[in-house]
Amino acid sequence: MPQVLAAAAEGGRDGVGERMVRAHLALWDDLSTRPALMTMVRSASVHRVAAARLRETATTILADALGNVVTGEDAVLRSNLIATQLIGLAMMRYIAVLEPLAAADTDTVVRYYGPALQAIVEG
């Protein structure tokens, strides 16, 4: 995960919202990583260790990846907001299976969701 998200953040601010959404969806679509991600997200509400791992993902891994593009006084808050957007997207698409989101193709989700993340990046 750290390498995938860091690679998505490369290239600067322009378009990073779409790149992050695409990378996040790729991780969830990958059948070798999806079970672990699903377990972490599902378990976080009832298991302290899983909640800690989810917080680590949100605060450390994502913040490190976005460190060069999300800057300023409120950078940590904005990185947290991006994490909540990505985790919420995954929760509804892959765990709750909210239709038509769950069946939507990646390009469509990226087209609609990328600008929301980009707005948070821009502050």
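Counting only helices (runs of 4 or more DSSP H) that sit wholly inside region 15-123, those with at least 2 residues that are within 19 Å of Leu5 (Cβ to Cβ) and of a type in the set (Ser, Thr, Tyr) are 75-90, 106-122.
When region 69-123 is filtered for residues that are touching a residue at least 40 places away in the same chain (Cβ under 8 Å) and at positive phi, the ones remaining, listed by number, are Gly72, Gly123. Taking (1) under 13 Å from the mean Cα position of the chain (by Cα); (2) under 15 Å from Gln118 (Cα atoms) in turn, Arg93 satisfies each apart from (2). Contact annotation: residue pairs with Cβ atoms under 7 Å, 6 or more positions apart or on different chains, pairing a residue in region 40-68 that is under 25 Å from Ala9 (Cβ atoms) and in contact (Cβ under 8 Å) with a residue 60 or more places away in the chain with a partner that is not polar (S, T, N, Q) and not in a helix (DSSP H, G or I), are Ile61/Met1.
Would you point out which residue out of Val69, Val76 is among the aliphatic types (A, V, I, L, M) and surrounded by 13 or more Cβ atoms within 10 Å (Cβ to Cβ)? Give the steps one after another, and end with the answer.
Working: Val76 fails: surrounded by 13 or more Cβ atoms within 10 Å (Cβ to Cβ).
Result: Val69 is the single residue among Val69, Val76 that is among the aliphatic types (A, V, I, L, M) and surrounded by 13 or more Cβ atoms within 10 Å (Cβ to Cβ).
If I filter region 12-22 for residues that are surrounded by 13 or more Cβ atoms within 10 Å (Cβ to Cβ), of a type in the set (Lys, Arg) and within 15 Å of Val121 (Cα to Cα), do I get at least one hit? Checking region 12-22: at least one residue is surrounded by 13 or more Cβ atoms within 10 Å (Cβ to Cβ), of a type in the set (Lys, Arg) and within 15 Å of Val121 (Cα to Cα).
Each reported figure results from applying straightforward, stated rules to the coordinates on display, with no laboratory input. Computed from a prediction, not measured in an experiment: that's the story for all the values here. FYI the Cβ positions are ideal-geometry reconstructions off the backbone, even for glycines, and counts take in every protein chain you see.
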